[in-house]
4 protein chains.
Amino acid sequence: MGIRIFATGGTFDKEYNEITGNLFFKDTHVPQMLTLGRSRVEIDFRTLMMIDSRDMTEQDRETIAQNCLHVDEERILIMHRTDTMVETARLIAARVTDKTVVLTGAMVPYTFGSSDGLFNLGAALAFAQTLPHGIYVAMNGRALPWDNVRKNRRTGFFEELS
Amino acid sequence: MGIRIFATGGTFDKEYNEITGNLFFKDTHVPQMLTLGRSRVEIDFRTLMMIDSRDMTEQDRETIAQNCLHVDEERILIMHRTDTMVETARLIAARVTDKTVVLTGAMVPYTFGSSDGLFNLGAALAFAQTLPHGIYVAMNGRALPWDNVRKNRRTGFFEELS
Amino acid sequence: MGIRIFATGGTFDKEYNEITGNLFFKDTHVPQMLTLGRSRVEIDFRTLMMIDSRDMTEQDRETIAQNCLHVDEERILIMHRTDTMVETARLIAARVTDKTVVLTGAMVPYTFGSSDGLFNLGAALAFAQTLPHGIYVAMNGRALPWDNVRKNRRTGFFEELS
Amino acid sequence: MGIRIFATGGTFDKEYNEITGNLFFKDTHVPQMLTLGRSRVEIDFRTLMMIDSRDMTEQDRETIAQNCLHVDEERILIMHRTDTMVETARLIAARVTDKTVVLTGAMVPYTFGSSDGLFNLGAALAFAQTLPHGIYVAMNGRALPWDNVRKNRRTGFFEELS
């Protein structure tokens, strides 16, 4: 059995609407990024939702956690907006044991220049394969446990609490 | 202490010479790729050589292995051309124990379109942080032990021997 | 004497702020794009302002027109946001005769994927060298006289009035 | 009637073969580049051949010239490898009068980073629409008549003879 990947929206998959000048969701890019990376990891991909986490509710988080619980896979990767990644990780930790769940995202949309998306996807997929059971946030090349990480809103980087 | 990264050349760092139409080495791109990925992993970077492995000798491999032995770091990432990555891994395994050494590269030069470089760098950096001591080849999103991997020269993908 | 290029802001030079998720102006990219295009056209480049045309006033337009009048060059290229490009062209036509003035811009910021910026810059620079005196909007590969062009706000394309 | 565009190969359309490390022709990219540039110019596109000009014969050049003669369009753009662009232009000039024929190409393949392709395509398409009848080489943002241009093989730039 391989890795289960869930897409939930977030900056990762935003695109630029040239008529309005706004950003919007069109399709997820994860499958094409895995092809670009020439990945041979066995994965099962599913889009759960395409929501900017500023619009994400506790019910949406519960949906993500329930999906983690009920899939057969023991190793799960979740693409998520960075602003509330820790909140979602916390809820999953309250629901899910005996699995390795890794959350990742991007600070810059994949379709733009200067995106950290490909790098984060590679790192998170590797962490999902090797980390012991637990819930982790994988950003900036590192994986931190859900209860020892926060996003520094000034710099945009993720750091340990301690 | 962080991760030691060695650059040794390979397709990863090739560039296109528009006057001759040939590919050549200019500078390594790894530091700028780590910045693009917004990496916060503590690393120490060193260029050992810039050699296409078709020109790589046993002496060059020995140089790489000796550097792995003598640095203080216990976790090492080596950027290497893919064609002879397994040969170099084999020699390192004969010289180095008690360290985690991960070799990675790219099938397409980083400066070109459609490069697997960023994805591989993210994955390999994650594997270097989490894998138990041993020598590994990290390509196509997976890390395989040096003695259970080969490059399929027809498809370009890395696969297990068994 | 060469071509005078004026930057005035517009989508062309917007960048993505990964902390806020908003777009903003940082620096103009025109000089680096001319280098990328390996341009050998003699040019004199000046940033007049960096304004989103939704914030552009008649005074700003007057500034642009006065600069066109007072520079020695007879051939001028203006980088401008697309929404109000025709309005600015109209004012310049009221102030400037005996010069070839070409306005261009981009529907997608240059730093993003899928940008029409490089293509438009090449086309507009060519039109600035060859068109007879007059004021023109150069978008979508064509140059249309200021009094026979409008932006179709639904499609984003520029078309003739007739 | 619009502009006739002929693709004949050249660096413009080369791609990197990641298995062999060599460059090769796959498909022309011109139609997708016109889409990226959001071009609204009426064009008729045809691939005549996909030949690196080091392999191009006088017969191939004659084929290109005959096609220029026999199409209905009066304005023609030819995508061509840069090394022998002037030679082909010379033969066309001997065969074709009463038409505007513009030759362009790229120093770096379109699919690579740092390509001048999009910029050159925009410029050449503009020159094809505005220049008086004659045969021209459009590179580096300028259009030079076929009998007053050469490629500087050391720098890669095109310059006037005088």
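The values are calculated or read from the model by the stated rules, or taken from the named source; none is laboratory data. Keep in mind the model is a prediction, meaning the values are calculated, not measured. Every residue, glycine among them, receives a Cβ derived from its backbone with ideal geometry; neighbour counts consider all protein chains shown.
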Does A:Thr84 meet the test of being away from chain B (no Cβ under 14 Å), touching a Lys or Arg at 6+ places or on another chain (Cβ under 9 Å) and of a type in the set (Ser, Thr, Tyr)?
yes
Candidates A:Ile92, A:Ile51, A:Ile78, filtered to the one that is without any contact (Cβ under 8 Å) to a residue 60 or more places away in the chain, aliphatic (A, V, I, L, M), within 15 Å of A:Gly10 (Cβ to Cβ) and away from chain B (no Cβ under 14 Å):
A:Ile51
Restricting to the stretch D:97-113, name every residue that is modelled with pLDDT of 95 or more, touching a strand residue (DSSP E or B) at 6+ places or on another chain (Cβ under 7 Å) and not hydroxyl-bearing (Ser, Thr, Tyr).
D:Lys99, D:Val101, D:Val102, D:Leu103
In the stretch C:124-137, anything more than 7 Å from chain D (Cβ to nearest Cβ) and of a type in the set (A, V, I, L, M, F, W, C) is listed as C:Ala124, C:Ala128, C:Ile135, C:Val137
Subset of the stretch A:5-36 (residues that are more than 12 Å from chain C (Cβ to nearest Cβ), among the hydroxyl-bearing types (Ser, Thr, Tyr) and without any contact (Cβ under 8 Å) to a residue 40 or more places away in the chain):
A:Thr35
Residues that are touching a Pro at 6+ places or on another chain (Cβ under 6 Å) and not hydroxyl-bearing (Ser, Thr, Tyr), at least 3 per element: which strands (runs of 3 or more DSSP E) completely within the stretch B:93-162 meet that?
none
So, of the residues in the stretch B:138-152 that are more than 12 Å from chain A (Cβ to nearest Cβ) and free of Cβ contacts under 8 Å to residues at least 60 places away in the same chain, which turns out to be nearest to the chain's Cα centre (by Cα)?
B:Pro145
Which one is surrounded by the most Cβ atoms within 10 Å (Cβ to Cβ) among residues in the stretch A:89-117 that are closer than 15 Å to A:Glu73 by Cα and of a type in the set (D, E, K, R)?
A:Lys99
Looking at C:Arg40 and the list (1) at pLDDT below 95; (2) within 10 Å of another protein chain (Cβ to nearest Cβ), which single condition is not satisfied?
(1)
Name, by its number, the condition in (1) facing another protein chain (nearest Cβ under 9 Å); (2) within 13 Å of the chain's Cα centre (by Cα); (3) of a type in the set (Ser, Thr, Tyr) that does not hold for D:Thr111.
(2)
From the option list A:Arg90, A:Arg61, A:Arg81, single residue qualifying as of a type in the set (Lys, Arg) and in a loop (DSSP other than H, G, I, E, B) is A:Arg81
Which condition does B:Arg4 not pass, out of (1) basic (Lys, Arg); (2) over 16 Å from the mean Cα position of the chain (by Cα); (3) over 16 Å from B:Ala106 (Cβ atoms), if it passes all the others?
(2)
Among residues of the stretch D:54-75, those that are within 15 Å of D:Gly10 (Cβ to Cβ) and among the hydrophobic types (A, V, I, L, M, F, W, C), counted
2
For the stretch C:10-33, what are the residues that are assigned to a loop (DSSP other than H, G, I, E, B) and closer than 20 Å to C:Arg46 by Cβ?
C:Gly10, C:Lys26, C:Asp27, C:Thr28, C:His29
Out of the residues in the stretch A:72-88 that are among the hydroxyl-bearing types (Ser, Thr, Tyr) and under 21 Å from B:Ala126 (Cβ atoms), state the one that is surrounded by the most Cβ atoms within 10 Å (Cβ to Cβ).
A:Thr88
Checked against (1) of a type in the set (S, T, N, Q); (2) buried (at least 22 other Cβ atoms within 10 Å of the Cβ); (3) more than 14 Å from chain A (Cβ to nearest Cβ), B:Asn67 satisfies every condition except (2)
Restricting attention to the stretch A:50-61, does a residue exist that is crowded, with 24+ Cβ neighbours inside 10 Å and not small (Gly, Ala, Ser)?
no
